[in-house]
Structure formats: C-alpha cells, structure tokens
Amino acid sequence: MTKDLVNVTIDGMTVAVPKGTPIIEAAKQAGILVPHYCYHPSLPSPAVCRMCLVEVEKAPKLVPACVTTVVEGQVVHTDSEQARRARTGVLEFLLINHPLDCPICDQAGECELQDYVFQEGRSGTRYSDYAKRYNPVEDFGPDVLYVANRCILCTRCVRFMEDVAGTPVLNVSERGDRAYIGIDEDQLLDHPWAGNVVDLCPVGSLISKDFLHKARAWDLDKTASVCTGCSQGCNITVDTRDNTVVRLRPRPNLEVNRHFMCDTGRMHYRWMNRGDRIEAPLVQDSGRLVATDWDRALDRLAGLVEKGGDAVLLASGAASLESLGMMHRLLAGTRLTAVVQLPIGESEEPLQGIPNLALRQERAPNGEGARLLGYGTDWRAAVKTASSADLVVLLDVTLTDAEAALVSGAAAVVVLGTVQAQELASAALVLPLTNVVEENGTFVNRDQRVQRYKQARTAPGMSRPAWWVAAGVAPTKVAPTLALAPTPATAAQAFELVCSTIPSLAGLTYADLGLLGRIASGMAPGLAPTHALAQSGPGGS
Amino acid sequence: MGYPHPSHAKEQPVLSKHFGDAGSRTVEGWVKRGGYEGLKQALGMTRDQVIEMVKASGLRGRGGAGFPTGLKWSFMPKEVTKPHYLVCNADESEPGTFKDREIIRWTPHQLIEGCAIAAHAIGAERIYVYIRGEFTFEYKILTAAVEDAYKNDVLGGNVFGSGRRIDVVVHRGAGAYICGEETAMMNSIEGKRGNPRIKPPFPAQAGLWASPTTINNVETLAAVPHILVRGAEWYKGLCLGSPKSTGTKLFSVCGHVQRPGNYEVVMGTPMRDLIYEMCGGMRPGRALKAVIPGGSSVPIMTVAEVEDCAMDYEGIVAKGSMLGSGGMIVMDDSTDIVYQVMRLARFYAHESCAQCTQCREGTAWTTKILERILAGTGKAEDLALLLDLADNMTGKTICVLSDSCAAPVVSAIKKFRGEFDAYLNRTKRPVMVAV
C-alpha cells in the first residue's frame with residue numbers, strides 16, 4: 001500500500017511519516033516523547049493543555065504538536081529553550097491550584113504531573129500565600145471518584161465519554177480557574193466501559209474506588225496478560241502486590257483493544273486470589289481422597305488413560321491453548337468426546353467509538369482455541385454422554401449440581417481444578433491447577449489472534465499447568481503415535497507442539513507472538529480487525 | 001454622536017446619522033431615510049462584484065482584528081456545495097465598547113441590510129446574529145425589525161422579488177465574553193459550550209456545522225450598505241492618515257471626559273481632537289493621565305503617546321497600542337492605574353473559558369498578585385513575576401484572551417511603574433479591594 005510520506009526532522013533526527021501525521025506521533029517514531037496531557041492516540045485532539053508546544057523553524061509561534069500535522073522538510077525542536085520554558089510555565093500554572101496530595105494520592109508513582117514536574121518543573125513555587133481553589137470530591141458512580149481539586153482539566157474523560165463511549169455524561173462546568181468536571185444531573189458513570197477514565201486521567205483526579213489506597217504504584221509488579229472475561233481478548237497488565245493481584249489495567253494493543261478494557265473484565269480479578277485452593281494432587285484411596293506426590297498422581301492418571309474406552313473431556317473455555325491441546329493429545333487413544341464450556345453473557349457491550357471492540361457475549365477467552373483444536377461446544381450432550389463414560393476428565397470447569405450428578409455416573413472421573421468443590425469427593429483423581437496469573441499460556445481470541453499471557457505470581461502449593469500434567473504422562477503409555485513428539489518441558493515448547501497440529505497455527509513460536517499477539521494465518525481476511533482512528537486528520541490519532 | 005448631543009463638527013456621521021431617531025427602526029422608516037437601496041443594488045450584482053467593491057473600499061473588520069473585509073469574504077468557496085453561513089458578531093463584550101449596541105438600538109435595519117448584502121456576497125442564505133444576552137432591550141428592537149423585514153419581503157424566500165432567499169436568525173448569548181471570539185461563537189450557536197476552536201481549520205473552510213462560514217462585526221456590516229450606495233471610492237476617500245485605514249470608525253469614549261458617548265470620525269482623526277474637542281476634554285481641574293484606545297485588551301497609552309496620535313490602525317500601532325474595537329477609556333489623574341489593571345485582570349480571570357492552562361490559571365494568579373499589591377502586602381519580586389507570567393501567557397494559547405490579560409499588565413508596569421512601586425514600598429496606602 002503506497003502512502004504519501006513526509007520527511008520531517010525532529011531534534012536532529014529525520015523520519016518519514018504518512019501525510020497527516022501530527023508532530024507528536026512523528027516524534028514517537030523518532031524515539032522522542034513530547035510531554036503532553038490532553039492528547040491521547042485514541043481520543044480526538046483538542047490541544048488545550050498546551051504542554052506539547054514545540055518550536056518549528058520559520059513558524060512565528062510555538063505550535064501544539066498534537067494537532068499540527070507534519071509538513072515536508074519541517075524542522076522541529078521539542079527541547080529548545082523556548083519550548084522548555086513554555087513547558088515549565090505550563091507546569092507551574094498547573095501546580096498553583098493543584099493540592100499537595102501526593103502523600104495520600106493513589107496516582108503517586110504513576111502520575112504524569114509528578115513525572116514532568118520532576119523532569120522540568122520549577123523546584124520551588126512562586127505561588128506563595130494564596131489559597132488554592134477548592135472543589136469537593138464527587139462520587140461519580142459505581143467505581144469512579146472525582147477528586148476535583150487535583151483535576152488539571154485535560155478533558156480526556158469528557159472526550160472519552162462523549163466520543164468513544166458515546167454517552168456524554170461528563171462536561172466541563174464553570175469557567176476560569178473555577179472550572180471542574182461535572183456529571184449530568186441524575187446520571188452515573190455506569191457505562192460498561194466507564195472505568196477507562198481512571199486510566200486516562202493523567203493525575204489522581206479520577207480514581208478507582210476499588211483500588212483506593214490498596215497499594216503504591218512502586219510496590220506493584222506489572223505483568224503482561226490477557227483478560228479472561230470474554231472472547232475479545234483485551235490485552236491487560238496484571239498488577240500484583242506481594243503476590244496478590246490488586247488491579248487489572250488495559251495494555252495498549254492497537255489491533256485489539258487500543259487502550260481500553262471494559263469494567264466487567266477490569267473488576268473480575270478477586271477470584272485469582274482465592275485461598276481455597278487444591279493444594280496437592282489427591283488420589284482416591286479406600287474411599288477417601290489422599291494427598292500424594294506428582295509422580296504417583298501422574299502414574300495413576302496414566303493408568304486411567306491407558307484403559308481407554310469412551311472418554312469425555314469437559315474443558316473450560318478459559319483453559320490455555322497449551323493445556324487444551326496437550327489434554328486432547330493425552331486422550332487421543334480413547335474414543336474421545338471433547339467439549340468446551342462457553343458461558344454466554346446477557347448482552348454484548350460495544351465501545352462504540354472503537355471498531356471491533358466490545359464485551360462479547362461469549363464470556364470465555366479461548367473458545368476459538370478450543371474450536372481450532374476440534375473441541376465441540378454442545379455442553380449438555382457431552383455431560384449426558386459423560387454419565388455413562390469410562391473416563392471423564394474435567395479441565396478446570398465448574399459444574400452445576402445436576403451436571404455433577406450426571407458426571408458422577410462415569411466409571412472414573414479425573415478432576416483438574418484450582419479450587420476445592422463438593423463434587424470432587426467421588427473423583428478418582430484430583431489434580432491442582434494453576435490459574436491464569438500463575439502460568440504462561442496463550443489464548444486465541446474471536447478474531448483468531450493468538451496472544452500470550454505471562455505468569456504474574458507464584459503458583460500456590462503443588463499446582464501445575466494442565467499442559468504439564470498431560471506432558472507428564474509418558475506418551476508411550478498412551479498412544480504410540482505420540483511417542484515421536486518430544487515431551488514439552490516449558491509452555492513455549494508445549495505451544496509449539498500444540499500449534500504443529502493446527503494448520504493455521506503451524507510453525508508459530510512464542511517469539512512470533514511477542515506481547516501483542518498475531519493473527520493465525522490462513523483465515524478469511526474479512527475477520528481481521530481494522531483501526532479506523534488512524535489518519536483521520538488533525539483531530540485523529 | 002447623534003444623541004443626546006448633536007454631532008460634533010469634526011464627526012463624520014455615516015453609521016451614526018440616525019442615532020436617536022426612533023423612526024429608523026421600521027422598514028418604512030428606514031426606506032424613507034434612504035435605506036435598502038444598497039441591498040437592491042447588490043442583488044443585481046454578482047458575488048465577485050460585491051466582494052471587489054468592498055475590497056476596493058478598504059473596509060477592515062471593526063470588531064478589533066482589523067482584517068480586510070473584502071478579503072475575508074473572498075475566502076469563502078466559489079462553489080456552494082455545503083450551506084454557507086454569515087454570522088454577525090453582536091456579542092459586544094470588550095470592556096469599554098458600546099458602539100454596536102447603538103447601531104442595533106437605533107438602526108437595526110442598517111445592520112440587517114449590511115448582513116443581507118454580505119450574505120449575498122458570500123453565497124449564504126442564512127445569517128445568525130449572535131447578540132449578547134445582556135442586550136435585552138436591543139434584542140427586542142432587533143427581533144421586531146427582523147419580523148418587519150420578513151413582512152416586507154426584505155428577508156425571506158423572495159428578497160425584493162429577486163427570488164433570492166435570505167434568512168436571519170437572532171441567537172442570544174448567555175453572558176460569556178469568550179463567546180465573542182469567532183470560533184467560540186460558532187460553538188455557542190451550535191448549542192455547545194462556548195470554547196474557542198483550534199485553527200486550522202478556518203471558518204471559511206469549516207465553520208458552523210463544519211460548513212463555510214464568515215463572521216463579521218456589527219459595525220463592519222453596518223458600513224457595507226453605504227459602500228454599495230455611495231461607492232468604494234467615496235469610502236476610500238474618507239481617510240486622514242494611513243491609506244490602509246479608510247472609512248469612519250465609531251469610538252465609544254467613556255471615562256473622565258465631559259461628554260462620554262459614541263463618536264464617529266474619519267480614520268486618521270487625531271486623538272487629541274476626539275478627547276479635547278469632541279468630548280469636551282477633562283473634568284474641571286483634572287489632567288489626562290492615560291488612555292486605553294481600543295478596548296481593555298490593548299496596551300495603555302500615556303499622555304505623551306496620545307498627544308500626536310492619529311486614530312487609525314497604523315497610527316495607534318505606531319504609538320505602541322492598537323485600534324482594537326475603538327472602545328476608548330480615558331483616565332485622568334485621579335485614576336489609580338494599579339487598581340484599574342487589577343480590575344481588568346479580574347475581568348479576564350472571570351471570563352476565561354478554562355481550556356488552556358496558561359489562561360485558566362494565569363489570569364487568576366495575575367489578579368491575585370495585583371490584589372495583594374493593592375492590599376499593601378505585595379512583595380518586591382511581584383512585578384518581575386507579573387511580567388514573567390505575562391510572557392508565559394502570550395502567544396501560547398488557542399485564543400488571545402490570555403494575551404489580552406497580559407497586555408494591559410505589561411504596558412502598565414512598563415509605563416506606570418512608579419504607581420506599582422508606591423504600593424510595594426508602602427508609600428501609598430493600601431486600597432480596599434471589593435470582592
């Protein structure tokens with residue numbers, strides 16, 4: 001695809017960018033960050049904060065880099081004396097009414113005001129003996145608190161709700177330094193994607209009640225992961241403090257979720273910290289489940305699988321591709337019915353301003369992965385079949401009482417799970433699994449995008465990923481055809497092994513995926529997502 | 001100035017000829033006074049012909065910017081693919097300015113005619129007159145005049161039988177100075193918050209509802225019928241100073257003169273003549289101290305600068321200030337310059353739309369520093385701080401409200417520094433600052 005490219009020199013570095021690119025984006029390509037507040041690549045640009053003023057040779061005044069498009073041969077200085085003085089000026093102006101809340105503000109440590117002031121603000125204030133303007137804290141709704149005093153009026157929240165979420169409930173009220181963000185009367189910030197305003201807020205003005213005073217930013221370990229809420233596969237960052245998940249945040253991926261995630265996914269992390277875990281492998285011994293070591297447990301599993309017969313594999317739609325694939329291989333020697341559990345949500349909640357982004361009705365992250373591996377989706381039929389099967393393997397699923405009753409009719413039930421459950425009592429074997437933040441793995445989202453998630457905390461007890469369990473059963477014992485494949489010792493190896501059996505994923509490695517994923521090849525082009533926010537002129541990204 | 005005093009001999013009553021004459025408010029009355037001939041003439045001309053005529057006359061925007069009007073009209077697209085709009089800026093909020101009010105109050109049809117001719121020239125069928133909300137009385141007069149115009153086919157679907165459609169919508173403002181800024185005005189007309197927009201895009205490309213729009217001041221538009229009827233050469237000939245400043249200008253003179261009011265003079269008229277002759281000079285026992293010639297956003301002038309200043313765009317610039325809106329505030333030696341500057345800064349702080357950081361915070365901070373100086377608790381560094389803030393507030397924002405706050409502060413400190421020092425070193429008693 002040929003594009004009109006424009007050459008522009010920024011701080012001595014020349015880059016070629018498509019026509020219509022704003023200077024601030026061209027600078028990114030040159031590896032230069034132009035300090036800014038109100039600009040955001042997923043929001044329309046109003047150029048109100050005035051932080052991004054840069055010097056352009058031959059221009060009479062400093063220009064805002066976020067709305068000034070590049071011109072052929074332009075020479076830009078982002079760090080000249082003039083530009084720096086302008087930025088220091090803006091920072092000083094922002095600080096005169098900004099309260100000295102850092103000691104009690106959640107944003108400390110991940111605050112753009114702190115960052116830039118530290119970088120090039122004044123070391124002392126000249127605003128002496130004057131009162132700062134005061135506005136009270138306001139509760140905007142389900143999760144968001146608005147600390148008006150800290151607001152720098154960048155209006156990112158207003159623009160997000162209006163242009164991206166499509167429900168303009170936030171506005172700028174009042175004029176001058178009395179201005180604050182108001183919410184429409186009798187309205188709440190309860191839009192399914194409203195939590196993103198907390199991420200967008202550069203300072204600690206819009207904060208999450210869920211995260212309030214839970215942890216300091218510098219106490220957090222941040223790990224790249226993928227949301228397990230639905231088949232959209234939003235890229236996220238898992239923030240842990242002392243091995244406990246305290247927050248989920250969206251991770252930028254221009255092809256999937258841009259900079260956003262829905263509130264459902266965002267708030268759904270407490271289950272990751274559950275304490276009632278299965279701690280060790282349990283084997284059925286004289287009517288009781290007795291804890292044992294993995295060697296004995298895997299031996300017992302091999303024995304059950306070797307017997308063959310009719311097997312039913314009931315798998316969770318949140319199981320990784322590696323786990324689903326290896327478990328499927330494990331049972332290849334049986335007459336296998338493999339089915340994946342895909343909960344269906346009430347409705348789809350799109351983020352209307354972003355193409356192809358929504359909370360999907362299929363509330364499982366790896367339905368596509370399961371389908372690619374040949375898993376069926378008729379859950380009810382499979383559960384019925386299970387009631388008379390020789391071997392039923394439950395892969396991290398929760399059963400209703402009725403389903404548990406049916407499944408217990410099978411000759412032998414092997415449960416791989418994370419948390420203790422009633423129906424486990426009659427199982428032949430119970431094996432402890434790691435959950436999504438305790439292992440490495442991949443999901444395939446609804447657009448056939450294979451995405452990695454990384455381990456964010458240590459696995460408790462003796463839990464292991466399901467692919468490891470399957471790999472631990474020596475292939476010679478189960479199906480001669482599998483003997484030729486090397487036993488995977490890492491998730492990466494398991495991934496390669498599993499991909500080798502799927503035509504559209506053949507040959508993929510973790511290195512190919514990076515942290516932004518990759519679309520499986522050989523699929524219909526119409527399913528590839530587009531990002532329509534690019535190249536829409538000065539107001540676009 | 002027409003009323004209540006008769007025009008001074010040195011005035012040139014063109015726009016103000018019928019000020020004080022209530023009979024001008026009806027179509028019938030206006031026609032009797034020679035009105036609507038300009039519109040009839042324009043309807044028989046092409047768009048380009050009208051534009052060339054106005055270009056040749058040298059008419060420049062009378063709202064404050066002084067941009068050549070014919071040139072501004074020529075920026076509109078030649079082909080009408082999206083609807084073209086004319087916006088008449090009747091927001092008149094620049095402190096010290098009260099000329100547009102009189103034009104609307106006495107001669108609304110002069111304005112309507114000017115708007116209609118301009119609409120024809122730019123290919124527009126709809127005119128929005130944005131009148132400031134505080135002009136309740138003028139709003140009633142204007143809407144009555146518009147109704148009367150519709151009744152007489154001066155407006156509507158068949159203006160003077162030409163088959164042309166020209167509509168006027170009178171839109172009331174709601175008390176924001178910033179809505180006088182052309183892009184903020186367009187946002188306000190669209191029902192949004194009156195925040196100025198970034199330019200580009202310019203209104204002639206994408207203005208009201210992303211369609212080509214021209215915004216002109218009331219006084220500018222009121223001059224247009226006269227140019228049509230009496231010719232561009234005549235208008236160009238009204239010139240006593242720089243040839244780039246032609247025609248007449250309404251100066252709203254207020255302050256410490258004997259006869260404040262609106263005075264219409266030929267461009268280039270000496271400022272001395274206006275103040276001392278037409279306005280009757282200072283109050284008894286008082287001497288001139290300072291003049292703000294063009295609305296509060298322009299630098300203050302000293303007596304020496306006023307002395308031989310020609311009142312046109314170039315002449316006032318030559319003396320270190322700007323013609324602006326022509327809102328002239330005359331201050332005699334009883335004036336506390338520091339207090340006046342504080343009061344101006346307070347106005348800008350109140351009116352800032354809050355988009356740009358420098359304006360939102362800087363205007364308020366400037367006000368606070370000045371209030372403290374007046375209260376007798378100013379610090380020695382305060383003047384340097386004020387100048388530094390003014391520098392940070394100039395040339396860095398979406399619109400020039402920020403610059404407008406800085407200009408009087410900088411000029412006052414530069415030219416009347418002694419007054420500031422008197423407060424700082426406590427040789428002057430502190431002043432009660434009203435909240």
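Per-structure values
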{"quantity": "Number of the exception - A:GLN119 against (1) among the polar types (S, T, N, Q); (2) in contact with a strand residue (DSSP E or B) (Cβ under 7 Å, 6 or more places away or on another chain); (3) away from every other protein chain (no Cβ under 14 Å); (4) surrounded by fewer than 22 Cβ atoms within 10 Å (Cβ to Cβ)", "calculated": "(2)"}
{"quantity": "Residues being touching a Gly at 6+ places or on another chain (Cβ under 9 Å) and of a type in the set (A, V, I, L, M) - total across region A:124-168", "calculated": "4"}
{"quantity": "Selection within region A:201-230 - among the basic types (Lys, Arg), in a loop (DSSP other than H, G, I, E, B) and in contact with a strand residue (DSSP E or B) (Cβ under 7 Å, 6 or more places away or on another chain)", "calculated": "A:LYS209, A:LYS214"}
{"quantity": "Any hit, region B:173-194, residues being within 21 Å of the chain's Cα centre (by Cα) and farther than 28 Å from B:ALA349 by Cβ", "calculated": "no"}
{"quantity": "Filtered residue count, region A:71-108, keeping only those that are more than 14 Å from chain B (Cβ to nearest Cβ) and buried (at least 22 other Cβ atoms within 10 Å of the Cβ)", "calculated": "3"}
{"quantity": "Failed criterion for B:ILE369 (all others in (1) outside any helix (DSSP H, G or I); (2) more than 8 Å from chain A (Cβ to nearest Cβ); (3) in contact with an Asp or Glu (Cβ under 8 Å, 6 or more places away or on another chain) hold)", "calculated": "(1)"}
{"quantity": "Any hit, region B:406-414, residues being farther than 22 Å from B:VAL431 by Cβ and away from chain A (no Cβ under 11 Å)", "calculated": "yes"}
{"quantity": "Condition check for B:ASP336: more than 30 Å from B:MET271 (Cβ to Cβ), of a type outside the set (S, T, N, Q) and at pLDDT 95 or above", "calculated": "no"}
{"quantity": "Selection count where residues are crowded, with 24+ Cβ neighbours inside 10 Å and facing another protein chain (nearest Cβ under 8 Å), scope region A:35-61", "calculated": "6"}
{"quantity": "Flag if A:ALA364 is in a loop (DSSP other than H, G, I, E, B), surrounded by 22 or more Cβ atoms within 10 Å (Cβ to Cβ) and assigned by TED's automatic domain parsing to the domain that holds A:SER500", "calculated": "yes"}
{"quantity": "Sole exception among (1) touching a helix residue (DSSP H, G or I) at 6+ places or on another chain (Cβ under 7 Å); (2) under 19 Å from B:CYS353 (Cα atoms); (3) in a helix (DSSP H, G or I) for B:ASN187, by number", "calculated": "(1)"}
{"quantity": "Selection count, region A:400-417, where residues are assigned to a loop (DSSP other than H, G, I, E, B) and closer than 22 Å to A:MET326 by Cβ", "calculated": "1"}
{"quantity": "Of the criteria (1) surrounded by fewer than 24 Cβ atoms within 10 Å (Cβ to Cβ); (2) under 23 Å from the mean Cα position of the chain (by Cα); (3) assigned to a strand (DSSP E or B), which one A:ALA315 fails", "calculated": "(1)"}
{"quantity": "A:GLY303 without any contact (Cβ under 8 Å) to a residue 12 or more places away in the chain, in a loop (DSSP other than H, G, I, E, B) and small (Gly, Ala, Ser)", "calculated": "no"}
{"quantity": "Filtered residue count, region A:231-263, keeping only those that are assigned to a loop (DSSP other than H, G, I, E, B) and either within 20 Å of A:ASN440 (Cα to Cα) or of a type outside the set (D, E, K, R) (or both)", "calculated": "15"}
{"quantity": "Residue that is within 14 Å of chain A (Cβ to nearest Cβ), assigned to a loop (DSSP other than H, G, I, E, B) and aliphatic (A, V, I, L, M), where the choices are B:ALA354, B:ALA345, B:ALA364", "calculated": "B:ALA354"}
{"quantity": "Index of the failed condition, B:THR377 passing every other in (1) within 11 Å of another protein chain (Cβ to nearest Cβ); (2) surrounded by 19 or more Cβ atoms within 10 Å (Cβ to Cβ)", "calculated": "(2)"}
{"quantity": "Members of region B:127-172 that are outside any helix (DSSP H, G or I), more than 24 Å from the chain's Cα centre (by Cα) and either touching a residue at least 60 places away in the same chain (Cβ under 8 Å) or under 30 Å from B:CYS405 (Cβ atoms) (or both)", "calculated": "B:ASN152, B:VAL154, B:SER162, B:ARG164"}
{"quantity": "A:PRO64, sole failed condition from (1) away from chain B (no Cβ under 12 Å); (2) buried (at least 20 other Cβ atoms within 10 Å of the Cβ); (3) out of contact with any helix residue (DSSP H, G or I) (no Cβ under 6 Å at 6 or more places or on another chain)", "calculated": "(1)"}
{"quantity": "Within region A:268-308, tally of residues that are surrounded by 12 or more Cβ atoms within 10 Å (Cβ to Cβ) and at positive phi", "calculated": "1"}
{"quantity": "Residues located in region A:147-201, provided they are hydroxyl-bearing (Ser, Thr, Tyr) and free of Cβ contacts under 8 Å to residues at least 24 places away in the same chain", "calculated": "A:SER173"}
{"quantity": "Test: B:ARG197 is more than 24 Å from B:GLU351 (Cβ to Cβ) and either more than 14 Å from chain A (Cβ to nearest Cβ) or of a type outside the set (Asp, Glu) (or both)", "calculated": "no"}
{"quantity": "Residue that is surrounded by the fewest Cβ atoms within 10 Å (Cβ to Cβ) [pool: residues in region B:313-325 that are in a loop (DSSP other than H, G, I, E, B) and under 14 Å from the mean Cα position of the chain (by Cα)]", "calculated": "B:MET322"}
{"quantity": "Filter result for A:ALA382 (over 29 Å from A:THR240 (Cα atoms), in a loop (DSSP other than H, G, I, E, B) and either of a type in the set (Gly, Ala, Ser) or not assigned by TED's automatic domain parsing to the domain that holds A:GLN451 (or both))", "calculated": "no"}
{"quantity": "Among residues of region A:409-423, those that are more than 19 Å from A:GLY303 (Cα to Cα) and surrounded by fewer than 20 Cβ atoms within 10 Å (Cβ to Cβ), counted", "calculated": "6"}
{"quantity": "Residues of region B:142-167 satisfying the condition of being in contact with a Phe, Trp or Tyr (Cβ under 8 Å, 6 or more places away or on another chain) and buried (at least 22 other Cβ atoms within 10 Å of the Cβ)", "calculated": "B:VAL154"}
{"quantity": "Odd one out for B:GLU92 among (1) crowded, with 23+ Cβ neighbours inside 10 Å; (2) over 27 Å from B:GLY315 (Cα atoms); (3) not β-branched (Val, Ile, Thr)", "calculated": "(2)"}
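Every residue, every condition in (1) within 29 Å of A:ARG84 (Cβ to Cβ); (2) assigned by TED's automatic domain parsing to the domain that holds B:ALA345; (3) free of Cβ contacts under 8 Å to residues at least 24 places away in the same chain, yes or no:
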position: B:GLU371; (1), (2), (3): no, yes, no
position: B:LYS379; (1), (2), (3): yes, yes, no
position: B:ASP382; (1), (2), (3): yes, yes, no
position: B:THR394; (1), (2), (3): yes, yes, yes
position: B:THR397; (1), (2), (3): yes, yes, no
position: B:VAL433; (1), (2), (3): no, no, no
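Here's the yes/no breakdown for (1) aliphatic (A, V, I, L, M); (2) not in a helix (DSSP H, G or I):
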site: B:GLN12; (1), (2): no, yes
site: B:SER16; (1), (2): no, yes
site: B:SER24; (1), (2): no, no
site: B:LEU39; (1), (2): yes, no
site: B:ALA42; (1), (2): yes, no
site: B:ARG62; (1), (2): no, yes
site: B:ALA65; (1), (2): yes, yes
site: B:GLY96; (1), (2): no, yes
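The values are calculated or read from the model by the stated rules, or taken from the named source; none is laboratory data. Since we're looking at a predicted model, the values are computed, not measured. Heads up, the Cβs are rebuilt from the backbone with ideal geometry, glycines too, and the neighbour counts pull from every protein chain shown.
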